[in-house]
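The structure appears below as structure tokens.
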Amino acid sequence: MNYQESREYIDKITREIPSVLGLDHMCELMKRLGNPQDDLKYVHIAGTNGKGSVIAFLYSVLSGAGYRIGRYVSPTLYSYRGRMEVSGSRISREDFAAYITQVSDVIAAMTKDGYPHPTAFEIETAVAFLFFKKENCDLVLLEVGMGGNMDATNIIKNTRLAVLVSVSMDHMSFLGNTLGEIAEKKAGIIKPGCKVVTTKQQKEAEQVILSVCEKQGVPYVISDPSEAEILEESVFGQKFTYEGESYEIPLAGVYQKENAVLALHALELLDEMGWHTTLQQRKEGLAGTCWQGRFTVINKKPLFIVDGAHNPGAADQMAESIRHYFKGKDLIYIMGVFADKDYDAVLQKTAHFAQKIFTIQTPDNPRALPAEELARAARKYNSSAESTESIQEAVNKALTLAKEEDVILAFGSLSFIGELTKAVQDEKNRN
């Protein structure tokens, strides 16, 4: 396969093979591929909100310190191949196509032998392991896709550090109906022999996580964001003090201090294990972190912000940021969500801030909720909600309505942020 054919193959699998939780398919697939994942060492990151940001901080610091760091995240906003990177370089088109060809040949033999067909995420994860092994990574930062214990990434054995970001209600149909049940699934990445750092959790989640640590006999650290104090902040970034030192991060959102402090705790533990970084490298790495789509400004007049808030926990964080940054401002929303998310709870927490809501449907995604259905749900909390036929139409209407001092906020899913950003840029170029 060439690159285009490999992408079409993945898209076809995404449409035809539903998501599953469980390691049986992945174990068989990786065994037939020679178990490349067993030759790597990992920082494994699970939780509900903040995984990508914590990885972005760690990736910037550790790569800047000279380590060969692999990064596996999903989804990505602007480049599909950005899911798999090594020290700033995405997997090449040629390598991706070659690995997909290799994996698809193995899958053909698997299915011929009666095994179920792996999912798109399982295939992508297998490709990532092959890529990271070939690139001889010193350490791989591995983001869980969903949950933890039964996620495809949890096939790994050599977890050096397990990182638990904030845990909240999400993916209930897969993970459970209580915070404790969900936390137990997330804590499934904790393995004997590793170390654990968790952000300060809600009590029910924290009890479960610490119980798993004790059962596995692993040491843990609880990262408390109150240990840091904000010095300066705006929608373009913030400065804070932690353990007597000042740090700057270019990421806005009141929750990013929590993610940055968690990353600093993780770096302290990694330092103990031999992945050394200096204070200056940590400061420079945090300051140079790039992580798009998390309360990111893409236009200044009017202020246009994109955010991936897609579940109740993220909605709480976004509502806090709205109150913090935009008191007295008129807000216009562009919203698109997946049908399997608790979008009613997201609306309940956020809709009342907006003067106008435009809803969209993420194109070419079978999980996307129709725009009119989302608008109907939104009208329970805000009568201004109006469905649109496309992302471009929503952008045009929002920019036409907004005054220079107003704020446009697009959120609900990371899946449409890339196309929306392009639509905003195209509109700016036309004007």
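In what order, largest first, do D330, D151 sit by accessible area if the probe radius is 1.4 Å?
Values: D330 65, D151 5 Å².
Greatest to least solvent exposure: D330, D151.
Compactness of the range 8-67 was expressed as the Cα radius of gyration divided by 2.2 N^0.38 Å, which yields 1.53. Overall dimensions of the range 1-145, expressed as equivalent-ellipsoid semi-axes from the Cα gyration tensor (√(5λ), whole Å, largest first), are 25, 16, 15. Subtracting the Cα-Cα distance of M1 and H117 from their residue separation scaled by 0.36 nm leaves 39.9 nm.
Distance between the C-alpha centers of the range 36-79 and the range 191-248? Whole Å please. Rounded to whole Å, the Cα centres lie 17 Å apart. Taking 0.36 nm per residue of sequence separation and subtracting the Cα-Cα distance, how much length would be gained by fully extending the chain between D39 and K300, in nm to one decimal? Additional length available on full extension: 89.3 nm. Each part reduced to its alpha carbon centroid, the range 381-431 and the range 99-174 end up 34 Å apart. At q = 0.12, 0.14, 0.27, 0.29 Å⁻¹ the log10 of I(q)/I(0) for the range 220-287 amounts to -0.29, -0.39, -1.30, -1.43, computed by Debye summation with a single uniform scatterer per C-alpha, solvent ignored.
All other residues with a Cβ under 14 Å from the Cβ of R323 taken together, and with Lys, Arg as +1 and Asp, Glu as -1, what is their net charge? Intermediate results must be reported in sequence, preceding the final value.
Working: positive: K327, K329, K349; negative: E233, D316, E320.
Computed value for this residue: 0.
Looking at this model, which pairs from K31/K133; K186/K239; K133/K283; K301/K403; K185/K215 are more than 19 angstrom apart at the alpha-carbon? Long pairs (Cα-Cα over 19 Å): K186/K239; K133/K283.
Mean-square fluctuation check for the chain, GNM, Cα pairs under 10 Å: which of P18, P75, P370 is largest? Between P18, P75, P370, it is P18 that shows the largest mean-square fluctuation. Based on the Kirkwood radius over alpha-carbon pairs, what value in µm²/s does the Stokes-Einstein equation return for the translational diffusion coefficient of the range 226-367 at 25 °C and 0.890 mPa s? Result for D is 145 µm²/s. Label separation (T101 vs E214): 5.5 nm, computed from points 7 Å beyond Cα along the C-beta direction. The label-point distance for S89 and D426, in a model that sets each label 7 Å from Cα toward Cβ, rounds to 3.3 nm. Take Y115: with every protein chain present and a 1.4 Å probe, its accessible area is about 90 Å². In plain terms, the chain from S246 to C27 could stretch by 74.4 nm, reckoned as 0.36 nm per residue minus the Cα-Cα distance.
Taking the range 44-63 and a reference point 7 angstrom along Cα→Cβ of H276, the backbone N atoms nearer than 16 Å belong to 62.
For the full complex of protein chains and a 1.4 angstrom probe, list R282, R430, R7, R367 by accessible area with the highest value first.
Values: R282 35, R430 150, R7 60, R367 95 Å².
From most accessible down to least: R430, R367, R7, R282.
Return one quarter of the surface area of the convex hull spanned by the alpha-carbon atoms of the range 296-431, equal to its mean projected area, in nm². Result: a mean projected hull area of 7.1 nm².
Please compute the contact order of the chain in relative form: average sequence separation of alpha-carbon pairs under 8 Å and at least six residues apart, divided by the residue count, as a percent. Don't skip to the answer; put the middle values down first.
Working: 842 pairs, mean separation 65.5, N = 431.
Relative CO of the chain lands at 15 percent.
The values are calculated or read from the model by the stated rules, or taken from the named source; none is laboratory data. The structure displayed is predicted, hence computed values, not measured ones. Backbone-built Cβ (ideal geometry, glycine too); neighbour counts: all protein chains shown. Heads up: the accessible areas ignore ligands, DNA and RNA and are worked out on the full protein's heavy atoms, side chains in. Shrake-Rupley method; radii C 1.70, N 1.55, O 1.52, S 1.80 Å.
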